[in-house]
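> Input: one structure, supplied below.
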Amino acid sequence: MQDIRNQFFHLLFICFVAFSANAQHHGHNHGSKEDSIKKSSNEYMNQSTLDELVQRFESPERDAYQQPEKVLNFLGNLRNKKIIDIGAGSGYFSIKLANAGASVIAADVSDEFQEYLKRRIEKGKFKNIELRKIPYDSPALSSQEVDIAFIVNTYHHIENRVEYFKKVKSGIKSEGELVIIDFFKSEVPVGPPVDHKISIDEVIAELKAAGFTNFSVNVNLLAYQYIIKAN
């Protein structure tokens with residue numbers, strides 16, 4: 001009888017250990033997947049060299065889907081507006097915004113991109129583009145510094161987005177706005193893998209948590225991207 005009881009409690013102990021290990025395993029995997037997606041969103045781009053990224057960002061293929069002229073028309077008259085281009089990269093939009101008459105802060109976390117863009121600005125003799133190296137967790141804006149915070153294909157790279165966009169909001173003038181352009185969370189021919197993308201509903205929920213209250217969404221202007229305006 002004693003042997004049976006000992007076997008019973010031994011089996012119960014084994015079940016308990018197995019259950020605990022399984023629970024920890026699932027909890028750990030859940031966190032790891034989220035961390036992996038956040039991390040890999042940045043690593044996905046960092047797999048390429050600077051030259052490869054510049055070639056991709058400034059390509060005719062990008063022009064075909066990005067439709068920059070349509071985007072600039074959508075933004076309206078930019079003359080004398082102050083705009084921060086968050087994630088400016090090679091300057092694809094910074095240059096175009098400057099040519100449209102805006103005063104542009106070309107902001108990026110990458111020293112390499114900032115150095116590349118510095119050479120591009122000097123070559124084009126742009127007087128209305130300011131380079132700004134920013135940290136990963138802040139747009140480094142002064143209070144109410146800009147009319148427009150502009151962020152293209154970069155939203156999904158940002159971590160702790162609610163806190164980040166609280167800082168963005170404080171840097172936008174009271175009558176100004178945030179403009180986000182990013183890829184639909186679906187299988188499209190361009191952009192990162194689907195699990196790196198952020199849906200429109202997720203973006204709006206995060207921006208609401210960051211203090212934005214008014215939103216307009218355009219899903220028709222661009223074939224593979226949505227545009228969200230918020231203030």
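> Could you pull the Cα extents of the stretch 160-231 along its three principal axes, largest to smallest, in whole Å?
Over the stretch 160-231, Cα extents along the principal axes are 37, 26, 16 Å.
> Measure out, as a whole number of angstrom, how far apart the alpha-carbon centroids of the stretch 131-186 and the stretch 74-91 sit.
Distance between centres, Cα-based: 12 Å.
> Among the lysines, which fall within straight-line cross-link reach of Lys185, defined as a Cα-Cα distance under 26 Å, with same-chain neighbours fewer than 8 residues apart omitted?
Cα-Cα hits under 26 Å: Lys33, Lys38, Lys39, Lys70, Lys166, Lys167, Lys169, Lys197, Lys208, Lys229.
> If you project the alpha carbons of the stretch 45-203 onto their three principal axes, what span does each projection cover, largest first, in Å?
For the stretch 45-203, the Cα spread along each principal axis is 38, 35, 30 Å.
> Roughly speaking, what is the stretch gain from Lys70 to Glu130, that is 0.36 nm per residue apart minus the C-alpha to C-alpha distance, in nm to one decimal? Could you put the intermediate results ahead of the total?
Working: separation 60, 0.36 × 60 = 21.60 nm, distance 2.43 nm.
Here the segment from Lys70 to Glu130 would lengthen by 19.2 nm.
> Report the label-to-label distance for Asp201 and Asn214 in nanometres (one decimal), using points 7 Å from each Cα along the Cα→Cβ vector.
Going by the 7 Å Cα→Cβ label model, 2.6 nm.
> Please work out whether the stretch 45-128 counts as rounded, prolate or oblate from its C-alpha gyration tensor, where a ≥ b ≥ c are the square roots of the eigenvalues and a/c under 1.5 means rounded, while otherwise a/b larger than b/c means prolate and anything else oblate?
Values: a/c = 1.96, a/b = 1.29, b/c = 1.52.
Note, shape of the stretch 45-128 comes out oblate.
Each reported figure results from applying straightforward, stated rules to the coordinates on display, with no laboratory input. No experiment lies behind these values; they were computed from the predicted model shown. Positions of Cβ are generated from backbone atoms using ideal geometry, with glycine treated the same way; all protein chains shown enter the neighbour counts.
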